[in-house]
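Shown next, in structure tokens, is the structure this report addresses.
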Amino acid sequence: MTGNTVFMEQLNKYYDAWLEFNGVYEEWAKARKLSVNCLLVLCAIHDGGEYCTQKKISQRWLIPKQTINMVFKDLESKGFVELFPLPEDKRNKVIRFTKAGKEYAEPIVTELRKVELSVIEEIGVERMRQLNENMALFAKLFEKAGGKKDNEANS
């Protein structure tokens, strides 16, 4: 095999793993009658502390703000979330669970974390650390090789 063929084989395995990784989260969410975006928003609000905003969720999970807004509106219509103005910037709003929202989200997020932590336990901390380091390195090298966002490339 030539070097390029080996690289393409590994790249295709990376794609397969990436798609499978995303797929397991989508299936997990779907089994609980949620979209993966709703699941990520619930986790973000749960983990976000006092200053969880739509912008922060969008940046952290790379979900378009319009999608987050749609998920938020659905959660709001069910009485699960509320918006509060940020004290230092009234234009931005903090998202918080209502009492009903906490009761809804807590078991979902707790179950997800339990599954994730059991996987890490089975993989082992060292292999998980290596996975994280390798993925971070891939992203850094991808960006260095020209994989910048459009607005960064034009600056």
Which residue pairs have Cβ atoms under 6 Å apart, sit 6 or more places apart or on different chains, and have a first residue in segment 28-49 that is closer than 11 Å to PHE72 by Cα and at pLDDT 95 or above and a second that is among the hydroxyl-bearing types (Ser, Thr, Tyr) and open to solvent by 30 Å² or more (accessible area, probe 1.4 Å)? ASN37/THR67
Counting only residues in segment 45-92 that are of a type in the set (Phe, Trp, Tyr) and open to solvent by 70 Å² or more (accessible area, probe 1.4 Å), the one nearest to LYS33 (Cα to Cα) is identified as TRP61
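For segment 93-124: of the residues being at pLDDT below 95 and open to solvent by less than 60 Å² (accessible area, probe 1.4 Å), which is farthest from CYS43 (Cα to Cα)?
So, considering only residues that are at pLDDT below 95 and open to solvent by less than 60 Å² (accessible area, probe 1.4 Å), the one farthest from CYS43 (Cα to Cα) is VAL94.
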Tell me whether segment 70-83 contains one or more residues that are within 23 Å of ALA100 (Cβ to Cβ) and within 13 Å of the chain's Cα centre (by Cα). no
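The values are calculated or read from the model by the stated rules, or taken from the named source; none is laboratory data. Because the structure is predicted, anything quoted here is derived from the model rather than measured. So basically every Cβ, Gly included, is an ideal-geometry build from the backbone, and we count neighbours across all protein chains shown. Keep in mind that these areas ignore ligands, DNA and RNA; they rest on the heavy atoms of the full protein, side chains included. Shrake-Rupley method; radii C 1.70, N 1.55, O 1.52, S 1.80 Å.
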